[in-house]
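Visitor: Have a look at the structure that comes next, please.
The values are calculated or read from the model by the stated rules, or taken from the named source; none is laboratory data. Computed from a predicted model, the values in this text were never measured in an experiment. With ideal geometry, Cβ positions are generated from the backbone for all residues, glycine too; neighbour counts draw on all protein chains shown.
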């Protein structure tokens, strides 16, 4: 079935699609973009078992910038819907669950040179004890990037579910989000998958 699927807009940017819609006087050309995955009318139902707890937006130096409505409503790299004014655009740089705070920063501060992956599943019981190079994906819509992967020795106070690995990118990556999946490829084959535990 998939070989018969066609995506006629796949070669166009979002701006180009909106321009074409305006040329054809389509209603979608002036429609606001959807910003929330969860419509407001369903939010209370979905989070009724654990009500949202408001907390502070802070900057990289710990200064309070405003209030957030609950950390579950935000994601790393998010810009829209923050409700905080500044002289420059602010983005979600990190989320501190323990202290219920969200760090906001400039876009240039969202880049990470490395991450620690945990809960890794290696096919066929392959569990490398030495370092290796691989292509790595940190989100579905992003292309794989070159990285160096090696076993990570936990520091005092660090707790992991499995054996952690340090993934160092050849080029810094934007908005590395703990809790999201990380997938490893070698020679065009998926060799492992895990969860991002920490950005570095």
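Residue-by-condition table, conditions (1) assigned to a strand (DSSP E or B); (2) over 22 Å from the mean Cα position of the chain (by Cα); (3) closer than 30 Å to residue 82 by Cα; (4) modelled with pLDDT of 95 or more:
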| position | (1), (2), (3), (4) |
| --- | --- |
| 103 | yes, no, yes, yes |
| 114 | yes, no, yes, yes |
| 153 | no, yes, no, no |
| 162 | no, no, no, no |
| 179 | no, no, yes, no |
| 196 | yes, no, yes, yes |
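Visitor: Still on this structure: Identify, by number, the condition in (1) part of a loop (DSSP other than H, G, I, E, B); (2) surrounded by 11 or more Cβ atoms within 10 Å (Cβ to Cβ); (3) at pLDDT 95 or above that residue 61 doesn't meet.
Guide: Every listed condition holds for residue 61 apart from (2).
Visitor: Would you point out which residue out of 176, 191, 167 is crowded, with 18+ Cβ neighbours inside 10 Å and over 23 Å from residue 96 (Cβ atoms)?
Guide: Details: 176 fails: over 23 Å from residue 96 (Cβ atoms); 167 fails: over 23 Å from residue 96 (Cβ atoms).
None of the other options fit; the residue is 191.
Visitor: Could you look through segment 122-151, keep only residues that are assigned to a loop (DSSP other than H, G, I, E, B) and over 24 Å from the mean Cα position of the chain (by Cα), and pick out the one that is nearest to residue 174 (Cα to Cα)? So that I can check it myself, show each step before the final result.
Guide: Residues of segment 122-151 assigned to a loop (DSSP other than H, G, I, E, B): 122, 126-131, 138-144.
If we keep only those that are over 24 Å from the mean Cα position of the chain (by Cα) too, we end up with 126-131.
Numbers: 126: 29, 127: 28, 128: 27, 129: 28, 130: 27, 131: 24 Å.
Filtering segment 122-151 for residues that are assigned to a loop (DSSP other than H, G, I, E, B) and over 24 Å from the mean Cα position of the chain (by Cα), the one nearest to residue 174 (Cα to Cα) comes out as 131.
Visitor: Which numbered condition trips up residue 99, out of (1) modelled with pLDDT under 95; (2) part of a loop (DSSP other than H, G, I, E, B)?
Guide: Condition (1) is where residue 99 drops out.
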